[in-house]
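The values are calculated or read from the model by the stated rules, or taken from the named source; none is laboratory data. Just so it is clear, the structure is predicted and the values come from calculations on it, not from any experiment. With ideal geometry, Cβ positions are generated from the backbone for all residues, glycine too; neighbour counts draw on all protein chains shown. What goes into the accessible areas is simple: the full protein's heavy atoms, side chains included, and nothing from ligands, DNA or RNA. Shrake-Rupley method; radii C 1.70, N 1.55, O 1.52, S 1.80 Å.
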Amino acid sequence: MSDATGPDTFDGPTPDNALRQAKKTSGPMLAADGTPLKKSLSRALRRQKMRALMLIAPLLLFVLITFIAPIADMLFRSVENQIVSETLPLTTEELGNWDGEGMPPEAAFEAAYYDIFLAAERKNHTRLGTRLNYELTGASSLFRKSGRGLDDIGEVYQDQFEDLDETWDEALPWLELMGDPDWLAEQQDWVAGGEEGRQPSFELSDGISEMLPLTAREFAAFAEFTQDEEQDNLLDEEPWSAVHTALYQDLSSGDVSSYSGPRAEMLQAAAALVDSPDFETVSFLDGFEEIDEDWMEPPIWRTIKLYSPNYTSGYFLNSIDMQLTPEGAEARPENQQIYMLLFKRTLFMSLVITLSCILLGYPVAYILSNLPMRSANLLMILVLLPFWTSLLVRTSAWKVMLQQQGVINDVLVWIGLVADESRLTMINNQFGTIVAMTHILLPFMILPMYSVMSTVPPSYVRAAKSLGATNWTAFWRVYFPQSIPGIGAGSILVFILSIGYYITPEIVGGTTGTFISNRIAYHISSSLNWGLAAALGAILLAVVLILYWAYDRIVGIDNVKLG
């Protein structure tokens with residue numbers, strides 16, 4: 001018996017020994033162009049992957065734009081709340097130091113005056129009022145009224161300054177006092193040149209912000225708004241009354257006696273007027289109270305403070321019948337709780353519709369799959385016929401059929417099953433919604449089940465019968481398990497479609513047959529509360545994903561087939 005020999009002990013010409021010898025003598029294998037074969041193969045593989053990526057890039061871009069981006073925007077809108085802090089920056093800063101008890105200090109009213117005045121000029125105060133009205137009823141009308149009434153506060157000071165010197169009513173003296181001389185020269189040259197091109201951006205003069213800080217801030221805001229948003233010439237525009245209010249505040253708290261720049265005499269005369277006992281003043285608190293007494297109630301200030309952060313959980317809390325309060329999240333009053341009821345109703349009715357489609361669609365799909373091809377194709381046309389009819393027409397037809405004076409009730413009365421004075425109420429309720437949506441979504445259940453049943457070989461059932469099984473046993477033990485993937489595919493399709501329907505429930509559902517999607521549509525198109533609509537949509541999306549995950553764990557998404 002000879003000893004065993006391997007490649008390392010046998011010196012003869014074996015394939016392994018030849019490969020080792022080639023590696024020792026010739027190095028790495030080369031491609032036709034002289035590059036190492038491994039590197040050449042890797043480069044070719046990368047080119048193939050890039051070509052494949054370029055082929056699917058349009059589809060990926062389309063999905064990104066039409067699917068991912070809208071969902072991302074919806075999720076952002078459900079927590080976005082920047083309108084309060086952007087519209088009322090000074091007010092939110094002042095309210096940050098307020099503990100929420102009693103009324104805020106006078107400084108908060110002052111900040112609100114300047115913020116709302118500028119917002120009213122930009123027409124943003126109504127948008128802010130609409131946003132806060134979602135949380136506090138009456139806020140919208142309060143801000144609309146305040147936008148018209150704040151001029152009264154500033155006109156108290158504006159009229160007195162103009163009575164002292166009419167030049168306070170002109171644009172040029174203000175520009176000489178507040179503007180940088182070089183900028184003013186450029187502005188006058190721009191006007192003299194026929195006002196072509198973009199006018200020079202306004203610049204404050206050196207030192208004016210230190211001497212008149214509030215006036216400089218408000219005049220700069222006025223100048224920016226006039227030039228950029230109104231596209232008007234500053235030499236033709238008189239400053240806002242809020243600028244006169246700011247001038248009064250600066251003159252009453254500062255000293256301008258050492259000022260010797262442009263319009264020094266006019267400014268010092270105004271300062272002397274402010275210091276005189278006859279000068280009329282009005283507090284910001286009294287001014288707001290004159291506009292509307294609701295400003296004297298803490299809830300409006302608490303609401304502004306509560307929703308001053310750039311991001312909020314308020315929309316999601318409202319979506320589950322809760323509300324954001326200074327003490328934290330708490331449940332809404334029972335008579336205001338509606339959304340959880342709508343979510344439960346939506347899930348329940350979607351499940352009922354899905355089950356109804358399974359019960360009605362399974363026999364149809366079974367018959368279609370077992371008929372000769374010619375007959376099955378003819379009947380399939382009848383299944384597809386609803387797709388060729390408008391959804392609105394089909395829904396309206398059910399409204400005619402189901403109403404108390406409709407076809408179905410007339411037939412029941414005619415055959416004597418129902419008395420004429422006891423006609424059935426089948427519309428504007430859950431029953432009407434279930435019937436109409438089952439009819440609309442039934443083809444989406446039949447088609448997946450039919451495509452799967454068509455792949456089940458008839459010989460399986462015949463074999464079961466030949467082994468002694470009854471018709472029911474052969475169906476239940478052999479045929480039905482193989483049709484379950486079609487039921488799963490149809491169920492997912494019908495359930496997801498039904499949970500988002502809103503046209504059919506809106507027409508035939510009344511008050512008890514509407515879905516959460518109807519409320520989402522209302523907030524998008526009518527109340528314009530897009531944040532709440534986005535939060536409701538995000539919760540609905542999460543519910544669908546959770547149910548999808550549960551279905552995958554219980555049934556297995558891999559078992560879902562479309563044939």
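Observations on the model:
- In nm, spacing of pseudo-spin labels at Glu196 and Thr325 (7 Å Cα→C-beta vector): 6.7
- Global geometry of the chain, whether rounded, prolate or oblate, following the gyration tensor of its Cα atoms and the 1.5 cut on a/c: oblate
- In a reduced charge model with +1 at each Lys and Arg Cβ and -1 at each Asp and Glu Cβ, the chain shows a dipole moment near 8960 debye about its Cα centre.
- Helix axis angle, 181-192 relative to the chain longest principal axis, alpha carbon, degrees: 80
- Acute angle (nearest 10 degrees) that the helix 241-253 long axis makes with the longest principal axis of the chain, alpha-carbon atoms: 60
- Peptide packing: for 484-490, 261-267, the average count of neighbouring Cβ atoms within 10 Å per residue gives the ranking 484-490, 261-267, highest mean first.
- With contacts taken as Cα pairs under 8 Å and at least 6 residues apart, region 390-474 reaches a relative contact order of 20 percent.
- Working note: 222 nm ellipticity from helices only, DSSP H runs with n ≥ 4, each -39,500 (n - 2.57), summed and divided by the residues of the chain, gives -20000 deg cm²/dmol to the nearest 500.
- Computed accessible area, Lys145, all protein chains, 1.4 angstrom probe, square angstrom: 90
- Highest average packing first - 243-255, 270-282, Cβ atoms within 10 Å: 243-255, 270-282
- Rolling a 1.4 angstrom probe over the chain with all protein chains present gives an accessible area of which 59% lies on carbon and sulfur atoms.
- Peptides 227-240, 153-166 ranked from most to least packed, by the mean per-residue count of other Cβ atoms within 10 Å: 153-166, 227-240.
- Note on region 473-516 and region 201-240: Cα centroid distance 64 Å, given to the nearest whole angstrom.
- Sites Ser454 and Asn429, calculated FRET efficiency, Cβ-Cβ separation with R0 25 Å, nearest 0.05: 0.05
- Here the relative contact order of region 303-387, from alpha carbon pairs under 8 Å that lie six or more residues apart, stands at 14 percent.
- If the chain linking Gln231 and Leu53 were pulled fully straight, counting 0.36 nm for each residue of separation and taking away their Cα-Cα distance, it would gain 59.2 nm.
- Between the residues Pro262, Cys357, Ser319, the greatest Cα displacement towards the positive end of the dipole of region 246-368, with unit charges on the Cβ of Lys, Arg, Asp and Glu, is found for Cys357.
- Here's the picture: charge each Lys and Arg Cβ at +1 and each Asp and Glu Cβ at -1 in the chain, and of Ser491, Gln82, Val508 the one pushed furthest to the positive end of that dipole is Ser491.
- On Cα atoms only, tilt of 516-525 relative to the major axis of the chain in degrees: 40
- The chain, relative contact order [Cα under 8 Å, separation at least 6], %: 15
- For the pair Asp163 and Ala269 in one chain, pulling the backbone fully straight at 0.36 nm per residue adds 37.0 nm over the alpha carbon distance.
- The distance from the alpha carbon centre of region 343-399 to that of region 56-112 is 45 Å, rounded to a whole number.
- Net length gained if the chain between Ile71 and Ala397 were fully extended (0.36 nm per residue, minus Cα distance): 114.0 nm
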